[in-house]
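Each reported figure results from applying straightforward, stated rules to the coordinates on display, with no laboratory input. Since the structure is predicted, the reported quantities are computational estimates derived from the model, not experimental observations. Backbone-built Cβ (ideal geometry, glycine too); neighbour counts: all protein chains shown.
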Amino acid sequence: MRSILVTGGSGFIGSNFLHFVLARRPDWRIVNLDSLSYSGNRENHAGLEGDPRFRFVHGDINDRALVDELMRECEAVVHFAAESHVDRSILDPRPFIETNVLGTQTLLESLRRAGGRRFLHVSTDEVYGSLPLGDPESRFSEETPLNPHSPYSASKAASDMIALSYQHTFGLDVLVTRCSNNFGPYQFPEKVIPLFVTNLIDGEPVPLYGDGLNVRDWLHVEDHCEALLAVLERGKGGRVYNIGGSNERSNLELTHLVLDIMGRGREMIRPVADRPGHDRRYAIDARRIRSELGWAPSRSAWPQALAATIQWYVDNERWWRRIKSGEYRTYYALQYGAR
Ligand code: NAD
Ligand code: TYD
């Protein structure tokens with residue numbers, strides 16, 4: 001039996017990873033350490049709570065004693081826990097430094113004390129900065145210099161470099177993945193797709209930033225999970241792997257498609273002031289993971305995969321309606337009220 005420590009497994013990608021791995025690796029045991037921040041939700045893994053192979057631990061990755069205890073029980077760590085939303089990092093960067101930078105370093109120190117464990121650091125293509133719109137052939141490769149622009153991406157870039165420094169200096173078995181934008185079930189409705197879909201279900205307009213021409217490279221979350229499993233099992237220590245689906249869409253194109261699938265008109269678009277420092281385009285060159293590990297996306301086919309994701313939010317209204325109350329309302333008013 002392999003035992004894995006997952007951090008941030010109550011969030012969007014982490015919870016999908018728990019379901020994905022436990023369904024495919026019957027002899028694995030997973031401990032999920034999550035502080036249940038605003039984006040963490042125990043309901044995301046409610047179906048696993050009776051499974052003897054799964055354990056949830058409510059705690060912070062900055063809790064050194066707790067992390068040490070859990071580290072002793074596991075053979076590998078998959079590290080998702082993070083503050084993950086660019087707009088929140090613009091409102092208040094501090095928690096991004098505390099969790100993404102210091103939290104990652106706390107885990108790495110514990111890994112160093114325990115020795116002999118593999119550490120997969122889950123990162124983002126946003127660490128590379130932004131590509132121009134006029135050069136469609138340009139993409140981020142693993143050799144592209146890091147040039148993060150938001151407090152979120154800067155904190156992730158810092159944690160990537162710290163993780164790799166522990167590999168280089170202390171000989172730890174560290175790997176870093178950098179993935180493009182994910183979509184799928186259980187995504188917190190502050191991110192563009194679930195935000196727009198749930199607003200439309202409620203008959204509310206969708207706030208589109210700036211000219212809507214910013215481009216993102218959309219990958220289904222299960223394709224991301226499959227890539228992470230491949231890297232965890234077969235990746236080469238010390239290496240960075242980019243993950244992306246070559247599925248570039250402008251926000252305007254995405255918004256039109258969401259509106260069409262949901263049978264709503266263009267009048268539901270509310271153009272709002274742009275995000276400060278808004279990265280123009282992300283695009284991933286995923287040749288390394290494709291050729292070394294034989295990974296390729298199989299679930300991201302557009303527009304069917306988007307339609308299935310929209311249907312998930314339609315079918316799981318109870319899940320997001322509970323979230324879109326309380327703290328979320330305060331955030332929404334702060335973020336969009338005067339825009
Ligand atoms: P999310 O916000 O949905 O989930 C983050 C989880 O981490 C939550 O469950 C939260 O409670 C937990 N957490 C936060 N601070 C913690 C702390 N101090 N201690 C313990 N747990 C804590 O984020 P997500 O979209 O699932 O992203 C997961 C990871 O994947 C992040 O590292 C993010 O940078 C990376 N990533 C995300 C995307 C994307 O499109 N969402 C793309 C590429 C990479
Ligand atoms: P988001 O889901 O926040 O992901 P990221 O900023 O990490 O790529 O945003 C995706 C794109 O959608 C991004 O270009 C910003 C844009 N966007 C809007 O136009 N309106 C919104 O309300 C949000 C949240 C995002």
(request) Could you grab the pairs with beta carbons closer than 7 Å, sequence gap of 6+ or different chains, first residue in the range 17-35 and over 11 Å from Thr7 (Cβ atoms) and touching a residue at least 40 places away in the same chain (Cβ under 8 Å), second one acidic (Asp, Glu) and buried (at least 19 other Cβ atoms within 10 Å of the Cβ)? (result) Phe20/Glu222
(request) Select the helices (runs of 4 or more DSSP H) contained entirely in the range 171-274, then report the ones holding at least 3 residues which are surrounded by fewer than 16 Cβ atoms within 10 Å (Cβ to Cβ). (result) 251-261
(message) Just the residues that are within 12 Å of Leu5 (Cα to Cα) and either within 16 Å of ligand 2 (Cβ to nearest atom) or hydrophobic (A, V, I, L, M, F, W, C) (or both), please, taken from the range 41-59.
(response) Phe54, Phe56, Val57
(request) Would you mention how many residues in the range 179-191 are within 10 Å of ligand 1 (Cβ to nearest atom) and either closer than 18 Å to Gly245 by Cα or without any contact (Cβ under 8 Å) to a residue 60 or more places away in the chain (or both)? (result) 6
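Tell me yes or no: at least one residue of the range 148-169 is part of a loop (DSSP other than H, G, I, E, B), within 30 Å of Tyr328 (Cα to Cα) and within 9 Å of ligand 1 (Cβ to nearest atom). I'd like the intermediate steps shown before the answer.
The first filter runs over the range 148-169 and keeps only residues part of a loop (DSSP other than H, G, I, E, B), leaving 148-150.
If we keep only those that are within 30 Å of Tyr328 (Cα to Cα) as well, we get 148-150.
In the following step, the residues that additionally are within 9 Å of ligand 1 (Cβ to nearest atom) were identified as none.
For the range 148-169, residues part of a loop (DSSP other than H, G, I, E, B), within 30 Å of Tyr328 (Cα to Cα) and within 9 Å of ligand 1 (Cβ to nearest atom): absent.
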(request) Go through (1) of a type in the set (D, E, K, R); (2) surrounded by 17 or more Cβ atoms within 10 Å (Cβ to Cβ); (3) part of a helix (DSSP H, G or I); (4) out of contact with any Phe, Trp or Tyr (no Cβ under 7 Å at 6 or more places or on another chain) and name the single condition Arg288 misses. (result) (4)
(message) Going through Ser138, Ser123, Ser153, Ser130 one at a time, which residue ends up being in contact (Cβ under 8 Å) with a residue 40 or more places away in the chain, surrounded by fewer than 16 Cβ atoms within 10 Å (Cβ to Cβ), closer than 18 Å to Gly244 by Cα and small (Gly, Ala, Ser)?
(response) Ser138
(message) Suppose the filter is of a type in the set (Phe, Trp, Tyr), at negative phi and more than 16 Å from ligand 2 (Cβ to nearest atom); does Tyr152 pass it?
(response) no
(request) Taking Arg113 as the residue in question, decide whether it is more than 16 Å from ligand 2 (Cβ to nearest atom), among the basic types (Lys, Arg) and farther than 24 Å from Leu293 by Cα. (result) yes
(request) Under 8 Å between Cβ atoms, at least 6 apart or on separate chains: pull out the pairs that start in the range 85-108 with a residue that is among the acidic types (Asp, Glu) and end on any residue that is assigned to a helix (DSSP H, G or I). (result) Asp87/Gln335
(message) Looking at (1) within 29 Å of Leu33 (Cα to Cα); (2) away from ligand 2 (no atom under 12 Å from the Cβ); (3) surrounded by fewer than 20 Cβ atoms within 10 Å (Cβ to Cβ), which one does Glu143 not meet, given that it meets all the others?
(response) (1)
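Residues are listed down the side, and each one gets a yes or a no for (1) away from ligand 1 (no atom under 11 Å from the Cβ); (2) over 20 Å from the mean Cα position of the chain (by Cα):
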{"site": "Ser35", "(1), (2)": "no, no"}
{"site": "Ser39", "(1), (2)": "no, no"}
{"site": "Asp51", "(1), (2)": "yes, yes"}
{"site": "Leu66", "(1), (2)": "no, yes"}
{"site": "Arg72", "(1), (2)": "yes, yes"}
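Would you mind stating whether Asp285 is touching a strand residue (DSSP E or B) at 6+ places or on another chain (Cβ under 8 Å), under 24 Å from Asp160 (Cβ atoms) and within 14 Å of ligand 1 (Cβ to nearest atom)?
In short, no.
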(request) Starting from the range 242-258, take each residue that is under 13 Å from Tyr209 (Cα atoms) and list its partners that are of a type in the set (Asp, Glu) and surrounded by 22 or more Cβ atoms within 10 Å (Cβ to Cβ), counting only C-beta distances under 7 angstrom and pairs at least six apart or across chains. (result) none
(request) For the range 299-339, enumerate the residues that are more than 16 Å from ligand 2 (Cβ to nearest atom), among the small types (Gly, Ala, Ser) and surrounded by fewer than 12 Cβ atoms within 10 Å (Cβ to Cβ). (result) Ser325, Gly326
(message) Cβ-Cβ distance below 7 Å, separation of 6 or more or different chains: which pairs start in the range 208-228 with a residue that is touching a residue at least 12 places away in the same chain (Cβ under 8 Å) and end on one that is hydroxyl-bearing (Ser, Thr, Tyr) and in a helix (DSSP H, G or I)?
(response) Leu208/Thr255; Gly212/Thr255
(request) Among the numbered conditions (1) within 20 Å of the chain's Cα centre (by Cα); (2) more than 14 Å from Phe183 (Cβ to Cβ); (3) in a helix (DSSP H, G or I); (4) more than 15 Å from ligand 1 (Cβ to nearest atom), tell me where Ser298 comes up short. (result) (3)
(request) Report, by residue number, each residue of the range 313-339 that is in contact with a strand residue (DSSP E or B) (Cβ under 9 Å, 6 or more places away or on another chain) and either within 12 Å of Tyr186 (Cα to Cα) or assigned to a loop (DSSP other than H, G, I, E, B) (or both). (result) Arg339
(message) If a residue must be away from ligand 2 (no atom under 12 Å from the Cβ) and under 28 Å from Arg88 (Cβ atoms), how many such residues does the range 249-282 contain?
(response) 7
